[in-house]
Amino acid sequence: MATRAKIWLHRAMRRRVQKQWSSLSASVSGMAPNRLRELSDEAATLRRDLDRFIQQSSHRVLASRADIYSLQLPLGSDWRWRPGLLSRRAVPSGLALPEPGARLGEDATIWHDCEERALTLRQIQNVHTTDLASYAIRIEVLGFTGSFLSLAIDLPDEALNGLTRNHILRLDTAIEIERDMDIYARMNIGNGPNTEELVRHLGELRAGPVNSHVIEFDLALTEMNERRLDRIWLDLIFEKPVMNAINLREIVLSRRSRANL
């Protein structure tokens, strides 16, 4: 209890100091030059300390966010994965006016049929306190005249190891949008000459706060040949994306075996 009280006291002190500086900033026009010089020197010292704290703590914050094993997933989950775009710096980290099939980082490809290519993609750093991934993907769409826009994310080979029709694949997302829109997720599983597809709606996405959704792909609904699995990827399909901005703040895929009844 003593430690908790001490933490609360220190937090209250910092808030008080913040309010003091906010009040001083609003009173600059009425201060005497000598007082301004004194406070400017004090503010410069405080800023150096704050900058040093941010610099020293940022890499530890990013490292803790990147720990995918801290996520709470259903019991029995035997595989989990976050795309590299959200966990490490991508090369390239951005695309402007991309051609269909242009790649962003190692595991994402943009597909569209917009002749003007009026869109951009870039990797940004997550800043929300609730963000777990280190990075996000920002897609900005302007005068889009095409009929489709999708982002294909290649899953690693580990996702196919031991994969059977008794598995359920789970997708956790956190998405921020400027305008209401529909987004669909399609899981594609290549097996020999065939590709099994399962499509799910992410739900009603609203502008403003981050939309968090969980959907599942039940592989029992497919006819995949478990002995001929060769590729697996996820398509995020954006419906009517014109004049919108989409921040993909979290994408986590996992799998578990279906419970025996």
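When the stretch 153-179 is filtered for residues that are in a loop (DSSP other than H, G, I, E, B) and crowded, with 18+ Cβ neighbours inside 10 Å, the ones remaining, listed by number, are LEU155, LEU163. Residues that are open to solvent by 20 Å² or more (accessible area, probe 1.4 Å) and in a strand (DSSP E or B) were ranked within the stretch 104-126; the one that is nearest to LYS240 (Cα to Cα) is TRP111. Would you point out the residue of the stretch 180-223, among those that are under 18 Å from ARG255 (Cβ atoms) and small (Gly, Ala, Ser), that is most open to solvent (accessible area, probe 1.4 Å)? Taking the candidates together, the pick is ALA220. For the stretch 75-103, what are the residues that are open to solvent by less than 70 Å² (accessible area, probe 1.4 Å), closer than 29 Å to ARG256 by Cβ, part of a strand (DSSP E or B) and not hydroxyl-bearing (Ser, Thr, Tyr)? Result: TRP79, ARG80, TRP81. Screening ILE251 against (1) open to solvent by 40 Å² or more (accessible area, probe 1.4 Å); (2) in contact (Cβ under 8 Å) with a residue 60 or more places away in the chain leaves a single unmet condition, (1). Residues in the stretch 224-248 that are open to solvent by 60 Å² or more (accessible area, probe 1.4 Å) and in contact with an Asp or Glu (Cβ under 6 Å, 6 or more places away or on another chain): GLU239 only.
The values are calculated or read from the model by the stated rules, or taken from the named source; none is laboratory data. Values in this document were obtained by computation on a predicted structure and should not be read as measured data. Glycine gets a Cβ as well: all are built from the backbone with ideal geometry, and neighbour counts include every protein chain shown. Accessible surface is based on the protein model in full, side chains and every heavy atom, while ligands, DNA and RNA are left aside. Shrake-Rupley method; radii C 1.70, N 1.55, O 1.52, S 1.80 Å.
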